[in-house]
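Trainee: I'd like to ask some things about the structure below.
A short reminder: the numbers here are calculations on the coordinates, not readings from a lab. Predicted model, so just to flag it, every value in this text is computed and none were measured. With ideal geometry, Cβ positions are generated from the backbone for all residues, glycine too; neighbour counts draw on all protein chains shown.
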Amino acid sequence: MNLAGFSANFTYVVTTLLLVIGLYGMIGKRNLIKKLIGLSVFQTAIFLFYIHGAVQPGGTVPVWDARFATAAQYINPLPHVLILTAIVVSVATTGVALALTVAIYRRYGTLDETALLQRMKRDS
Amino acid sequence: MTHIPVLIPAPLLLAAFLVPLAGMLHQGLVPAVALAGSAAAAAFAVLGLRKVIAEGPLHYELGNWPPPVGIEYILDPLSAFMAVVVTVTGFLSLVYFRPSARHEIPDRFVTGHAVALLLLAGLSGMVVTGDLFNLFVFLEIASLSAYALVAIGDKQAPVAAFRYLILGSLGGSFYVLGVGFLYFATGSLNMADVAERLAPIYHSRAVIAAAVLIAVAMALKMALFPLHLWLPDAYTYAPSAVAGLIAPIMTKVAAYVLIRVFLGVFQPSFAIDHIPLLPAISWLAAGGIIFGSVMAIAQQDLRRMLAYSSVSQIAYVGLGLGMANPLGLVGALLHVANHAFMKACLFFVAGSLRYRTGSVGISDLAGMGRKMPWTFAAFTVAALSMIGIPPAAGFFSKWYLLLGALEVGNGWFVAAILLSSLLNAAYFFRVLENLYAKAGGKEDESRVAEAPASMLMPTLLLAVGILVLGLLNSLIVTEMLMPVASGMYRR
């Protein structure tokens with residue numbers, strides 16, 4: 001990829017990198033908190049993707065202004081709104097997940113997946 | 001404009017907020033509020049279905065914003081049918097929820113009811129919404145409720161819930177990413193509008209990526225083999241009341257989303273010609289049918305056996321969708337209803353057993369058929385239905401799936417369906433043999449009584465429902481499902 005192509009697709013490259021890092025954290029890491037960090041990175045990458053899609057080069061804020069007559073002169077507000085919702089969902093998910101890790105730690109005294117699976121097997 | 005579509009999730013959502021208030025006044029009010037909300041939702045769903053069959057689809061514009069700008073709720077024959085399945089099964093699960101939760105999770109009695117209602121609100125919202133992003137919001141409401149409910153179970157439950165949360169959120173995130181691709185490709189989120197704008201750009205790589213992302217997301221959420229890893233632990237360690245609520249309907253609504261997206265938003269030919277997603281789903285499903293059944297045979301714990309059986313049964317729905325012909329879709333949809341009733345009944349029995357004996361090992365079942373005769377009569381009806389013995393309902397959905405497989409001329413699918421019936425028979429007859437043929441233990445001979453009436457009643461209702469669904473199957477198929485299926489493939 002040449003340099004111009006790279007800078008035009010810069011956000012997509014970063015988004016993809018973050019998605020891969022997040023996925024690795026979720027699947028590759030054994031510690032539950034690290035899995036959770038992976039999930040958050042993954043979700044943040046998606047937020048970035050949406051926000052990038054809203055960009056309108058040279059566009060203005062999406063409040064009606066007589067000087068800007070066409071829709072193409074405004075930034076698209078819808079992805080921002082969608083992502084506000086998605087952020088709320090993501091915060092709630094993180095909250096539930098942290099509550100679960102507290103419950104897990106109290107019961108098993110570890111957050112390492114391998115150790116957890118061993119201790120679970122011992123219980124059942 | 002009729003308000004029926006929005007009146008299906010609304011009473012559930014309202015009741016979810018009223019339950020904690022009622023709980024502060026008096027705990028006895030909680031089940032009454034929960035059941036009232038759920039009964040209202042079920043009544044509106046049934047009313048909606050009748051109206052849809054008589055007059056055609058119902059549209060509701062949320063906040064009076066016309067689509068495609070506003071969010072639209074739609075009751076068409078497909079979503080009306082699903083709404084009835086979800087709300088009626090949900091209502092019966094809530095009837096069972098009270099006695100079971102009072103016994104197993106007494107300190108989570110009030111919050112358990114509230115979150116269970118949120119779960120049902122999320123699922124019914126997913127069914128009626130006509131907006132891709134609104135679907136994500138309802139999906140996450142349902143999923144977060146499910147994680148929380150699973151986590152209040154046994155000692156191992158929070159670990160099971162955490163794994164469910166990681167994989168479930170991964171699924172949710174894939175879905176949002178897929179919807180993002182669709183939005184930037186079409187500029188719309190309304191399903192009908194997106195469907196129109198997509199048709200000329202099927203070759204676009206962004207659209208194909210979106211399709212793949214949404215397919216993987218929903219395969220994760222519906223626990224389609226090999227993405228089922230979260231399911232067995234979640235169903236096994238959840239409280240009995242929760243397993244009876246989640247197992248019958250949760251994965252089916254994800255399957256409904258796949259049907260909605262790949263036969264509604266996309267034309268059926270897209271996911272075959274442009275990228276072979278439907279064939280992939282059907283082959284994975286055929287594998288999952290066999291895998292789930294074989295794993296079920298190997299289990300010693302009744303709940304885990306039922307969980308693996310769910311992996312196998314949801315794959316039937318995937319197979320019916322993946323075949324991409326009307327008969328297969330009829331079989332899939334009929335199986336959604338049948339399996340909702342069967343799996344609810346079976347998990348209710350597992351819960352009643354745990355209520356009376358505290359154990360759910362298959363080897364502990366010896367002689368129980370005589371000690372809890374009504375409970376296990378219901379179990380037997382559901383088990384025979386799972387195996388596929390007429391006139392129980394399970395036979396008919398497999399019959400239509402088989403006809404669908406014969407129509408596409410795929411011998412492997414036919415073999416998978418037939419072989420899995422045999423495997424189902426193997427694991428259910430092992431249980432039935434323990435129940436009826438073996439003598440029970442000595443010391444608890446007198447202590448074990450029939451389940452209390454509050455648990456027995458919904459269980460028996462479901463058993464009768466399985467037989468009624470079986471007897472009425474031709475009516476359901478000709479009046480409802482056949483028009484739905486041929487309508488989706490005609491475009």
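Conditions tested, residue by residue: (1) within 28 Å of A:A8 (Cβ to Cβ); (2) in contact with a Pro (Cβ under 6 Å, 6 or more places away or on another chain); (3) within 10 Å of chain B (Cβ to nearest Cβ); (4) not hydrophobic (A, V, I, L, M, F, W, C).
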| position | (1), (2), (3), (4) |
| --- | --- |
| A:K29 | no, no, no, yes |
| A:F42 | yes, no, yes, no |
| A:V55 | yes, no, no, no |
| A:T70 | yes, no, no, yes |
| A:V81 | yes, no, yes, no |
| A:A86 | yes, no, yes, no |
| A:V96 | no, no, yes, no |
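Trainee: Still on this structure: Please determine whether any residue of the range A:54-70 is surrounded by 15 or more Cβ atoms within 10 Å (Cβ to Cβ), aliphatic (A, V, I, L, M) and either part of a helix (DSSP H, G or I) or touching a Gly at 6+ places or on another chain (Cβ under 7 Å) (or both).
Mentor: yes
Trainee: Also, I was wondering about something else. Could you list, in sequence order, all residues of the range B:308-340 that are closer than 20 Å to B:S474 by Cβ, of a type outside the set (A, V, I, L, M) and surrounded by 24 or more Cβ atoms within 10 Å (Cβ to Cβ)? Before you say what the answer is, go through the steps one by one.
Mentor: Here is the first cut: in the range B:308-340, the residues closer than 20 Å to B:S474 by Cβ are B:316, B:320, B:325-340.
Going one step further and asking which of them are of a type outside the set (A, V, I, L, M), we end up with B:316, B:320, B:325-326, B:328, B:331, B:335, B:338-339.
Correct list: B:Y316, B:G320, B:G328, B:G331, B:H335, B:N338, B:H339.
Trainee: Restricting to the range B:110-124, name every residue that is within 14 Å of chain A (Cβ to nearest Cβ) and either under 14 Å from B:M250 (Cβ atoms) or touching a helix residue (DSSP H, G or I) at 6+ places or on another chain (Cβ under 6 Å) (or both). Before the answer, list the steps.
Mentor: Quick first cut of the range B:110-124, residues within 14 Å of chain A (Cβ to nearest Cβ) only: B:111, B:115, B:118-119, B:122.
Result: B:V115, B:L118, B:L119, B:G122.
Trainee: Here is a check on your reading of the model: is B:A324 in a loop (DSSP other than H, G, I, E, B) and not acidic (D, E)?
Mentor: Working: in a loop (DSSP other than H, G, I, E, B): yes; not acidic (D, E): yes.
Taking the combined requirement at face value, the residue satisfies it.
Trainee: In addition: Check off (1) within 23 Å of the chain's Cα centre (by Cα); (2) closer than 24 Å to A:M26 by Cα; (3) not in a helix (DSSP H, G or I) for B:K155 and give me the number that stays unchecked.
Mentor: (1)
Trainee: May I ask you to list the residues in the range B:181-231 that are small (G, A, S), part of a helix (DSSP H, G or I) and within 14 Å of another protein chain (Cβ to nearest Cβ)?
Mentor: Of the range B:181-231, the ones small (G, A, S) are B:185, B:187-188, B:192, B:195, B:199, B:204, B:206, B:209-211, B:215, B:217, B:219, B:223.
Those left that are additionally part of a helix (DSSP H, G or I): B:185, B:192, B:195, B:199, B:206, B:209-211, B:215, B:217, B:219.
Scanning the range B:181-231 gives B:A185, B:A206, B:A209, B:A210, B:A217.
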